[in-house]
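Reading through the structure tokens given below for one structure.
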Amino acid sequence: MSFPKGFLWGTSISAEQAEGAWDEGGKSPVQIDYATAGSTKEHRLIWFENADGTRGSMGLWGHLPKGAKYRIFDDLHYTNHVACDFYHHWREDLDLFAEMGFTTFNTSVAWSRIYPYGIQGGVNKEGVEFYRQVFTRARELGMDPVITLYKYDEPVYFEETYGGWSNRAMIDEFVEFARVCFTEYKGLINKWMGFNEINILMAFGLNNETAQLRFEELHNQIIASARTAKLAHEIDPDLRIGAMLCGLCTYPLTPDPEDVMANYEYFQNIFCYCGDAMLRGAYPTFAKRIWDKYGVTLDITEEDKVIMKEGVADFLGFSYYMSNCITTHTDGTPVGGNMQMGFANPYLKASDWGWQIDPTGYRYFLNLLWDRYQVPLFDVENGLGAFDKVEEDGSIHDTYRIDYHRAHIKALKQAVEEGVGIFGYTTWAGLDLVSAGTGQMEKRYGMIYVDMDDKGNGTLERKKKDSFFYIQKVYKSNGEDLD
Ligand code: BG6
């Protein structure tokens, strides 16, 4: 048997991509509530009204222009408002998860449901009770949930009040939110992760103009993470806190030493800058090279340094979908990917969204992370976004998704046999939900089909895809039956 007894199998979803109910239960708006869907080629847009009354839009991670206000326009459709409506379907969804053999389940707690208007507005009991019911039922069904505190969804209130994460007041707000979660769900949740894919602030759109603000925001999130980890250990020494990073796996496109060096630097910048800060308790020495390159000056206080040392994370959660190539040459073919742009690898095929499918890269990446950090790993996200077709009899033959998961779980098994210390694997995502990058419902990842399209047409009925039965077989055999 290669997978250890007790290995966690499950799925990952997130509050803002699954719950819907965007203005119910005392929840306050989040930025993504103002975003519409893109397509296979286009990312989504966030909409607002400018100070002069004209309509404006910006991409993800944009900042509202001065005087502008987020606004809902009646002629636009906002996919996150309903999403797959987990908020009203969670009982049925958890039953289906249990039927698939899940022993864990990852979602995020919406800050906007717990503290919709920050500390001054007080705790929203309805939000606290919503998650208590979900977590209690998940436990009754045999799942040991691993929960994320933050998945790109702070209340808009914070942007309006503090201007966002560059303001250190956000740290106290976040730590207080975490405190409520750790105490309210003590005994129900034993493993938490702070910021989902904290390193994406280093990915898209980092340039000389954005860098100063980005690094300040990131530093504040790193300090908030460390304080949260320390707090969790004080509240309950048995709580385990994970760092969670986007697994951006890359290769040099050619054997040119310049490409090899560029690729290594990319890994340092995009992954290890945050990984080292959170798992080794200090910024790595190469951080100076990055700050100098972008002309960034960071205010890292002596107190910050102590907090980073005291608040080291216990495990490393990460996502893995694909790989990309890095080159210094000009003749590569640019391709997209999860939170990154890179160059096409002639040995790999890509999804309809241009993400290059690479199970061997998964084994490589697992080994790389284990060798560098030597802390327990947890794969929070692995999956294939695809268009699915519902047959006349209601069946969905998603063999491409089965092939994807089979190849990746085989690679995971090999890595485990090679000694990589990993304690769980959760697919992205158990049920179809809104894509983070494109805002589409029709970029489907689920083993459970949800009848909802990008325009808001659909009954929200759940249907089992062929992959449902495949994952069930794999999970119930503890990863042994992979054929
Ligand atoms: C991960 C994010 O990086 O990628 C998820 O944590 C996201 O939130 C997933 O959904 C897949 O990306 P996308 O853009 O296809 O939804």
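Out of 148, 161, 183, 136, one residue alone is within 16 Å of the ligand (Cβ to nearest atom) and either surrounded by fewer than 18 Cβ atoms within 10 Å (Cβ to Cβ) or not in a helix (DSSP H, G or I) (or both). It is 148. Scanning region 441-467 for residues that are surrounded by fewer than 22 Cβ atoms within 10 Å (Cβ to Cβ) and of a type outside the set (Ser, Thr, Tyr) yields a count of 14. The number of residues in region 65-89 that are crowded, with 20+ Cβ neighbours inside 10 Å and in contact with an Asp or Glu (Cβ under 9 Å, 6 or more places away or on another chain) comes to 7.
If you check 387, 423 for being of a type outside the set (Asp, Glu), open to solvent by 30 Å² or more (accessible area, probe 1.4 Å) and within 13 Å of the ligand (Cβ to nearest atom), only one passes: 387. If you go through region 16-41 and keep only what is β-branched (Val, Ile, Thr) and open to solvent by less than 10 Å² (accessible area, probe 1.4 Å), you end up with just 30. Checked against (1) in a loop (DSSP other than H, G, I, E, B); (2) open to solvent by 10 Å² or more (accessible area, probe 1.4 Å); (3) within 15 Å of residue 13 (Cβ to Cβ); (4) of a type in the set (A, V, I, L, M), residue 96 meets all criteria but (1). Checked against the criterion of being away from the ligand (no atom under 16 Å from the Cβ), open to solvent by 40 Å² or more (accessible area, probe 1.4 Å), touching a residue at least 12 places away in the same chain (Cβ under 8 Å) and hydroxyl-bearing (Ser, Thr, Tyr), region 207-216 contains not a single residue that satisfies it. Of the set (1) part of a loop (DSSP other than H, G, I, E, B); (2) without any contact (Cβ under 8 Å) to a residue 12 or more places away in the chain, all apply to residue 436 but (2). Only residues that are of a type outside the set (Asp, Glu) and either within 11 Å of the ligand (Cβ to nearest atom) or more than 22 Å from the chain's Cα centre (by Cα) (or both) were counted across region 428-451, and they come to 14. Listed by first and then second residue, the pairs linking a residue in region 14-40 that is farther than 24 Å from residue 244 by Cα and of a type in the set (Phe, Trp, Tyr) to a residue that is within 16 Å of the ligand (Cβ to nearest atom) and part of a helix (DSSP H, G or I), with Cβ atoms under 8 Å apart and 6 or more places separating them unless they lie on different chains, are 22/33; 22/80.
Conditions tested, residue by residue: (1) open to solvent by 40 Å² or more (accessible area, probe 1.4 Å); (2) in contact with a strand residue (DSSP E or B) (Cβ under 6 Å, 6 or more places away or on another chain).
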position	(1), (2)
228	no, yes
238	yes, no
243	no, yes
246	no, yes
261	yes, no
278	no, yes
281	no, no
289	yes, no
296	no, no
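Would a scan of region 334-354 turn up a residue that is away from the ligand (no atom under 13 Å from the Cβ), open to solvent by 50 Å² or more (accessible area, probe 1.4 Å) and touching a helix residue (DSSP H, G or I) at 6+ places or on another chain (Cβ under 8 Å)? No, because not a single residue in region 334-354 is away from the ligand (no atom under 13 Å from the Cβ), open to solvent by 50 Å² or more (accessible area, probe 1.4 Å) and touching a helix residue (DSSP H, G or I) at 6+ places or on another chain (Cβ under 8 Å).
Residues that are under 23 Å from the mean Cα position of the chain (by Cα), closer than 22 Å to residue 205 by Cβ and among the small types (Gly, Ala, Ser) within region 239-287 comprise 247, 275, 277, listed in sequence order.
The values are calculated or read from the model by the stated rules, or taken from the named source; none is laboratory data. If you're wondering where the values come from, they're calculated on a predicted model, not measured in any experiment. Neighbour counts run over all protein chains shown; Cβ positions are idealised from the backbone, glycine included. Please note that ligands, DNA and RNA were not included when accessible areas were found on the heavy atoms of the full protein model with its side chains. Shrake-Rupley method; radii C 1.70, N 1.55, O 1.52, S 1.80 Å.
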